Amino acid sequence: MEQKEVTDFLPQDSSLRSLLSFHFAVLKMSWCWFYLPLHLLMAACLCHSIKAPTSSSQQSFKSNLFNFYHSLILADGKETTIHLLKDIPKRYYFVLEEGRALAPFSITVTPCDVPIEWSILVHKASASFLGKVAQGDHDTDDVSKAQKATSFVSTIFNYKGNSVETYMGMSSHSALYMLEFLSTERDTHITVYLTTDTTSGHLYPELPLDPRLDVIGIGHTTVTLAWKHSPSVLQHRENIQYCLLVNEKHNYKSLCAAETAIRSSGMKLPATLALSLSPYLLEPQQVMILSNSELSIINRVSSGEVRQICMGTKNTYTVPNLSPSTQYYFDVFVVNLLTNASAAYTGTFARTLEEPEPKVMELKDGKVIQVVLDGKKQKFHTLQYQARHKKVQFTFQLCRGQVRVHITKNGKTVASENILGLRYLSLKGKLLDTYLVQLRSTEESNSSVKVQVSSQFNKPLFPLLPESLKIKSFSKLRTCNSITIAWLGTQEQSKYCVYKKRIEEDQVWMELRSTDRCSGPESRHKSEKVLCKYFYDVNLQRAVTTETIKGLDAGTLYLFDVYLIGPSGIPVRYHSKVVKTRKKC
């Protein structure tokens with residue numbers, strides 16, 4: 001079988017063939033030849049300076065051999081994601097195609113987390129020497145002398161930091177370029193884009209000459225931003241759009257840096273860029289809002305909210321629903337929807353205005369007031385009370401929605417909790433202590449609550465409550481035209497009124513949701529009243545009453561309510577019960 005030279009496997013491209021022939025000639029003089037498989041010939045360029053290992057150079061040889069196996073060819077015209085291990089350099093190469101002498105090229109490197117170090121090295125050799133090598137002139141002494149005289153390696157660019165950097169230069173077909181990347185802080189990843197075609201457009205959208213964001217308005221809960229249009233938006237409006245990132249931590253110099261920070265907070269992001277408008281794969285910590293052709297994704301992370309808003313090609317935007325007296329950081333990215341590539345404007349920050357002092361309403365001892373809270377504005381409603389006794393009792397009755405109460409005494413917090421049903425809070429203090437009660441809705445819909453403060457513990461306005469406000473129905477006693485229900489009473493003589501309402505199955509959720517739990521029998525239609533009766537029992541275990549409601553329709557759904565009305569006349573509504581009569585008997 002005819003023995004072939006390694007140069008028989010080289011590509012037909014004359015410039016690349018000459019360059020590699022030169023390195024193979026050098027390899028014949030070195031120990032590298034015996035260690036390298038054929039499929040790694042392209043990367044063998046790295047070993048051209050390694051001499052036959054001696055006892056003093058064994059470690060250097062192994063190090064170069066390790067680097068050899070971890071070197072790759074960088075793709076032209078494609079964005080490449082590179083993962084870096086801490087303190088381990090990674091090298092990539094590229095060579096121009098035939099006939100591309102002195103052609104322009106550019107390299108853009110985007111760190112996606114911590115600062116990195118990267119550099120560009122070039123190995124050049126004279127074209128006349130490469131031609132001789134390609135013709136088979138592989139005399140060891142000649143090659144060694146010619147190599148020293150006609151080739152050299154130089155660093156043409158280096159950078160350290162976390163900004164997006166682009167190097168533009170002119171490349172020769174007789175030069176081999178090496179890019180070296182190193183992360184000294186921790187494992188990370190970067191993206192690298194190499195192109196030798198600088199005439200057919202840009203992968204990354206262009207930024208204007210002045211890429212700064214301008215803050216043109218600040219409110220208590222809003223910040224208005226403006227920026228100059230990207231030239232890419234003006235040329236390719238249908239494929240380009242602006243996306244805004246809002247957070248309370250710091251600005252981000254690239255979109256992948258922002259994504260990495262969110263991901264490191266313990267939240268998984270979609271496989272594609274979060275701002276590339278992929279509405280699927282949302283995690284439980286994410287909330288997506290689509291309104292007026294604007295897509296907002298809110299990420300709940302440990303350091304607060306990271307809000308992403310894409311607003312098409314508008315270059316002004318008012319960020320809503322911010323917290324008062326809070327510093328926010330704003331970054332705008334112009335995104336190419338076809339390539340998913342993006343460019344970052346210079347970020348800015350702003351602090352929202354302090355919320356004006358809330359109006360304070362005086363609470364009078366023993367008086368009951370009802371407070372309606374706006375869920376959309378999330379404003380506090382503040383009540384003030386000056387104690388006339390050492391002990392005071394606050395009573396809260398939740399009427400609708402969800403409400404949180406926060407009570408301070410002389411500026412110090414003494415209670416903070418969500419209100420469920422009827423809640424009594426007994427507090428001790430000194431005469432003339434000042435109490436502030438702050439109430440707010442914890443949901444977007446309106447909420448309401450009744451509030452009373454009293455120093456007269458022996459004269460409560462609200463009735464004494466049983467252990468449970470649930471209504472029980474008995475399935476075995478259910479017939480086609482009657483339902484039997486039961487509920488708990490107290491040791492205090494009280495009035496109980498029963499009401500029924502016929503409803504449809506699709507109305508159940510809305511009926512229960514919209515119920516005003518503070519309203520009394522006066523809010524009900526007379527036709528819904530079943531009966532009213534008094535009862536009590538000193539023995540709480542026997543303080544139970546039942547009632548059979550007759551005259552109902554077969555196979556029909558009914559909603560039953562029981563109202564407890566104490567001596568003061570203030571009603572408390574039991575939890576509504578929905579029961580269906582039997583269809584056949």
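The values are calculated or read from the model by the stated rules, or taken from the named source; none is laboratory data. Owing to the predicted nature of the structure, the values given are computational and were not obtained by experimental measurement. Every residue, glycine among them, receives a Cβ derived from its backbone with ideal geometry; neighbour counts consider all protein chains shown. Areas reflect the complete protein model, heavy atoms only, side chains present, ligands, DNA and RNA absent. Shrake-Rupley method; radii C 1.70, N 1.55, O 1.52, S 1.80 Å.
Miscellaneous remarks
- Gain in span if fully extended, N458 to Y159, counting 0.36 nm per residue against the direct Cα distance: 99.8 nm
- A Förster distance of 22 Å, applied to the separation of the beta-carbon atoms of H389 and K364, puts the FRET efficiency at 0.95.
- Computed lengthening from F152 to Y534, 0.36 nm per intervening residue step minus Cα-Cα distance: 127.0 nm
- Of the residues Y317, Y424, ranked by 1.4 Å probe accessible area with the largest first, the sequence reads Y424, Y317.
- In segment 409-456, the trypsin sites (Lys or Arg not before Pro) that fall in loop regions by DSSP, at most 12 other Cβ within 10 Å: K430
- Counting only protein heavy atoms and using a 1.4 Å probe, the accessible area of H83 comes to about 120 Å².
- Pairwise label distance in nanometres, R502 with T382, each label 7 Å out on the Cα-Cβ vector: 5.3 nm
- To the nearest 10, the accessible area of D516 is 40 Å² with a 1.4 Å probe.
- Note on exposure: D210, D374 ranked by accessible area (1.4 Å probe, complete protein assembly) read D374, D210, with the most exposed listed first.
- Under the combined filter of DSSP loop state and at most 14 neighbouring Cβ atoms within 10 Å, segment 347-441 retains these GluC sites (Glu not before Pro): E354.
- Put simply, the amide H of G366, placed in the peptide plane, has neighbours under 5 Å in V453, S454, S455, leaving out anything fewer than 5 places away on its chain.
- Taking 0.36 nm per residue of separation and subtracting the Cα-Cα distance, full extension of the segment from S416 to T546 would add 43.0 nm.
- Residue-level accessible surface for T191, protein heavy atoms, 1.4 Å, Å²: 20 Å²
- Whether segment 349-454 is rounded, prolate or oblate, judged on the alpha carbon gyration tensor where a/c under 1.5 counts as rounded: oblate
- Entries of K450/K550; K359/K459; K359/K409; K472/K550; K428/K450; K390/K459 with Cα pairs more than 25 Å apart: K450/K550; K359/K459
- Calculated FRET value between S473 and M510, using beta carbons and R₀ = 22 Å, to 0.05: 0.55
- Anisotropy class of segment 445-527 from Cα gyration tensor, a/c 1.5 cut: oblate
- Efficiency of FRET from Cβ geometry, H229 and H250, R₀ 25 Å, rounded to 0.05: 0.45
- Here the 3J(HN,Hα) profile of segment 80-85, calculated from phi with Karplus coefficients 6.51, -1.76 and 1.60 at θ = phi - 60°, is 10, 8, 10, 9, 10, 8 Hz, Gly and Pro shown as x.
- Normalised contact order of segment 316-429, rounded percent, pairs of Cα under 8 Å and 6 or more residues apart: 18 percent
- Distance between the modelled labels on S523 and Q491, one decimal in nanometres: 3.1 nm (7 Å Cα→Cβ projection).
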